[in-house]
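Enquirer: The structure that follows is given in the form of structure tokens.
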Amino acid sequence: MSERILEVTGLTKRFGGFVALDKVSLHLDEGERLGLIGPNGSGKTTMINCISGALINDEGRVQFKGADITGLKAHKRAQLGIARSFQVPKPFGSMTVLENLCIPLEFAARGRTDPGAVEDQAMEILKMIGFEDRARENSAGLTQVDMRKLELARALAAKPALLVSDEAMAGLSASEVDDILEILFKLNATGVAVIMIEHIMRAVMRYSQRIIVLDAGQKIAEGTPDEVIHDPQVERAYLGE
Amino acid sequence: MKLDKFWIACIAILILGFVFTKNADNEFYFFTTYVILQGLVMAVAWNILGGFTGYVNFGAAGFFAVGVYTSVALNKAFGLPLPVILAVAGIIGGLLGLGAGYLTLRLKGVYFAIATLATALVIETIVNNWKYVGGAAGTYVLQPKQSFIFDNYIELLFMLMLVLSVAAVAISRYLSSSRVGKGLAAIRDDEVAAECMGVPTLRLKLISTTAMGVLMSIAGAPFPFFVTFVDPVSAFALLIAVNAIAMPMIGGTAYWYGPVIGALILGVVQETATVTISSELNLLIVGVLLVLFITMAPQGIVGVYHDWRKKRDAK
Ligand SMILES: Nc1ncnc2c1ncn2[C@@H]1O[C@H](COP(=O)(O)OP(=O)(O)O)[C@@H](O)[C@H]1O
Ligand SMILES: [Mg+2]
């Protein structure tokens, strides 16, 4: 039996009086590919924020590799091996694309990176994403679509054990989506667990071994892609009454 | 390679400064250079937080005055030697900086800037009502009789400020070119993203605010002996706070040498105007230059130079 890498239990997050996540539990095994879907505003990004530590949950517990990390700061979680991309890109705007990748390599992955090899490794990741010709460009000047790719590349540079990708493929062409899926499959094959949040159904369905559906802050379904897509509750959430 | 050149330049500057004290006998030169160098230390200190880390401090005069009045109080109470006074001023300024660092947890952007301004006003009010250090009326401070190996005390103060300048620049250069500097730049660009990429944002911000506090307070500590009469109007002068912001902005905030260039240019222009016309002009000069640079060259002189080189290389 494979080990649990992530275990979220009864997680609640409120913004003022508004309950964005209501006692949601989810788990992920080592090396698993999980899809997280749900309508806009259902709480997917908030869940990622609570897992990565960008926000601290009000109730419930987050465990990573068996250790309780509830309340642990985001940079510590990053060092433990949780990396994420941002749905709304947050590049380090004064830096080049390459320098953007050096930050996680030198901080999140510090203990796992030879200090002399930082730039080479950053370049390798850019090559993998097909971004090497942009390495010396200033990141603030990228298009939205390219910023998404940078988001993913930067998350990869943190050398995660768990990668959370928050709508990294929005706006990409069909062939680019396939390229990114290819990269994420390869990454997963090296043992990295992946949570994919995605609106492009074709992509999540193909990629995920298991899917969790959120609606209005609650988990309404969980199962294989096939089970989830035929769930009447999910249909209702997506298509309305 | 580069490291060697930098330290050779530092040593050369210190030796030149010392030779200068042994050869020039017009005290005017030392007064003028002291004022320029004091501005330089303040500018370099401001830029560690404002330029590298992206937190704007409008309360530079407050940090400076903490050093000034620590010095006044310690001198009056115990008559301590100057190095001890500098050390204590550095510690108190550092603690104040540390406090400002924790403030960044709750206040970002313009709210942080306003809080620093408010803090300076609070400190000024305290000093205004603290009779022991002269209160609002001010107090005289006697220069010590001994001036060590120098001919007079102003030469000693000049040499001290030169050493502080070199130290401030070395610290700032270290912070910007090390791993710490990369982390600070990430914080400046996007604090949430920095934290999620493993950057210990709070720890780095505390380093940044503390270094700023230490340097600004130490820059103020010799001031009472330099002017020999201190009151809140001179210690909390608007020009000190404005120069600390304007010098980095004019020179360029992204690199350690930006504020150095800005401080030297603005300092020389202001001192020239003081001598040839009137010191009343100084605020006007800095105001006009600041507006010009912010609208036309927000990256400062260093930015203009980099753009020019890029264009030239593209040809
Ligand atoms: N920082 C915040 N402050 C207040 N409300 C928020 C904040 N972040 C998210 N929300 C609200 O929480 C709900 C869930 O948002 P989000 O997690 O971004 O949804 P999703 O990613 O599934 O589209 C939305 O109604 C959103 O408006
Ligand atoms: Mg979202």
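Enquirer: What does the C-alpha gyration tensor say about the overall shape of the protein assembly as shown? Classify as rounded when a/c is under 1.5, otherwise prolate if a/b is larger than b/c, or oblate. Display every interim value, and only then the final one.
Expert: Values: a/c = 2.78, a/b = 2.16, b/c = 1.29.
Here the protein assembly as shown falls in the prolate category.
Enquirer: Looking at chain A as a GNM with Cα springs under 10 Å, which of A:Arg61, A:Arg148, A:Arg202 has the largest mean-square fluctuation?
Expert: Taking springs between Cα atoms under 10 Å, the residue moving most is A:Arg202.
Enquirer: Work out from phi, with θ = phi - 60° and the Karplus expression 6.51 cos²θ - 1.76 cosθ + 1.60, the ³J(HN,Hα) of each residue of region B:298-309, listed in order in whole Hz, and give x for Gly and Pro.
Expert: x, 8, x, 4, 4, x, 4, 5, 4, 4, 4, 5
Enquirer: Lysine pairs in region B:24-314 with alpha-carbon atoms under 17 Å apart, 8 or more places apart or on different chains: how many are there?
Expert: Close lysine pairs found across region B:24-314: 4.
Enquirer: Can you list the lysines whose alpha carbon sits under 19 Å from that of A:Lys149, skipping same-chain ones fewer than 8 residues off?
Expert: Hits, sequence-local ones excluded: A:Lys90, A:Lys127, A:Lys159, A:Lys186.
Enquirer: Go ahead and set up a Gaussian network model of chain B, Cα springs under 10 Å, then flag whichever of B:Thr253, B:Thr201, B:Thr295 fluctuates most.
Expert: For chain B, modelled as a Gaussian network with Cα springs under 10 Å, the answer is B:Thr295.
Enquirer: So, in Å, what gap is there between the alpha-carbon centers of region B:116-180 and region A:37-67?
Expert: Centre-to-centre (Cα) distance: 49 Å.
Enquirer: Quick check on chain A: take the gyration tensor over C-alpha atoms, sort the square-rooted eigenvalues as a ≥ b ≥ c, and tell me if it's rounded (a/c under 1.5), prolate or oblate.
Expert: Details: a/c = 1.68, a/b = 1.39, b/c = 1.22.
Since a/c reaches 1.5 and a/b is larger than b/c, the shape of chain A is classed as prolate.
Enquirer: Roughly how many Å is it from the Cα centre of region B:213-255 to that of region B:10-35, as a whole number?
Expert: With region B:213-255 and region B:10-35 each reduced to a Cα centre, they are spaced 20 Å.
Enquirer: Please list the non-local residues whose amide H lies under 5 Å from the amide H of A:Val164, H modeled 1.01 Å from N, same-chain partners needing a gap of 5 or more.
Expert: Answer set, sorted by chain and number: A:Ala83, A:Arg84, A:Ser85, A:Ile195.
Enquirer: Rounded if a/c is under 1.5, else prolate if a/b beats b/c, else oblate: with a ≥ b ≥ c from the C-alpha gyration tensor eigenvalues square-rooted, which is region B:53-212?
Expert: Oblate, because a/c is 1.5 or more while a/b does not exceed b/c.
Enquirer: Oh, and also: Give the long-range amide H neighbours of A:Ile220: residues separated by 5 or more places, or on another chain, with amide H under 5 Å away, using H modelled in the peptide plane at 1.01 Å from N.
Expert: Close amide H contacts, sequence-distant or interchain: A:Val213, A:Leu214, A:Asp215.
Enquirer: On to the next question. List the aspartates and glutamates whose Cα lies under 13 Å from the Cα of A:Lys13, skipping any in the same chain that are fewer than 8 positions away.
Expert: Straight-distance partners of A:Lys13: A:Asp22, A:Asp58, A:Glu59.
Enquirer: Additional query: Report ³J(HN,Hα) in whole Hz for each residue of region A:34-44, in order, from the Karplus equation J = 6.51 cos²θ - 1.76 cosθ + 1.60 where θ = phi - 60°; Gly and Pro get x.
Expert: 10, x, 10, 10, x, x, 4, x, 7, x, 5
Enquirer: With Cβ to Cβ distances under 13 Å as the rule, what net charge do the other residues near B:Lys22 carry (K, R +1; D, E -1)?
Expert: With Lys, Arg at +1 and Asp, Glu at -1, the neighbours total -3.
Enquirer: Still on this model: Name the residues whose placed amide hydrogens come within less than 5 Å of the amide hydrogen of A:Leu21, ignoring near sequence neighbours (fewer than 5 apart) on the same chain.
Expert: Under 5 Å from the amide H of A:Leu21 lie the amide H atoms of A:Lys13, each far enough along the sequence or on another chain.
Enquirer: Moving to a separate point now. Sort B:Thr139, B:Thr21 by heavy-atom solvent-accessible area, probe 1.4 angstrom, most to least.
Expert: Highest to lowest solvent-accessible surface, that is B:Thr139, B:Thr21.
Enquirer: Using θ = phi - 60° and the Karplus curve 6.51 cos²θ - 1.76 cosθ + 1.60, what whole-Hz ³J(HN,Hα) does each residue of region A:200-217 get, with Gly and Pro shown as x?
Expert: 6, 4, 3, 5, 5, 4, 6, 7, 7, 7, 8, 10, 10, 10, 9, 8, 6, x
Enquirer: Given the options A:Ser25, A:Ser94, A:Ser208, state which has the largest fluctuation in a GNM of chain A using a 10 Å cut-off (strictly under) for Cα springs.
Expert: Comparing A:Ser25, A:Ser94, A:Ser208 in the GNM, the peak value goes to A:Ser94.
Enquirer: Rounded to the nearest 500 deg cm²/dmol, what is the calculated helix-only ellipticity per residue at 222 nm for chain A, with -39500 (n - 2.57) per DSSP H run of length n ≥ 4?
Expert: Numbers: 9 runs with 87 residues, N = 241.
Taking each H run of at least 4 residues, the total per residue is -10500 deg cm²/dmol.
Enquirer: How much of the DSSP beta bridge set in the protein assembly as shown is antiparallel, as a percent to the nearest 5?
Expert: If we restrict to bridges inside the protein assembly as shown, about 60 percent are antiparallel.
The values are calculated or read from the model by the stated rules, or taken from the named source; none is laboratory data. Just so it is clear, the structure is predicted and the values come from calculations on it, not from any experiment. Neighbour counts run over all protein chains shown; Cβ positions are idealised from the backbone, glycine included. Note: areas computed on protein heavy atoms with side chains; ligands, DNA, RNA excluded. Shrake-Rupley method; radii C 1.70, N 1.55, O 1.52, S 1.80 Å.
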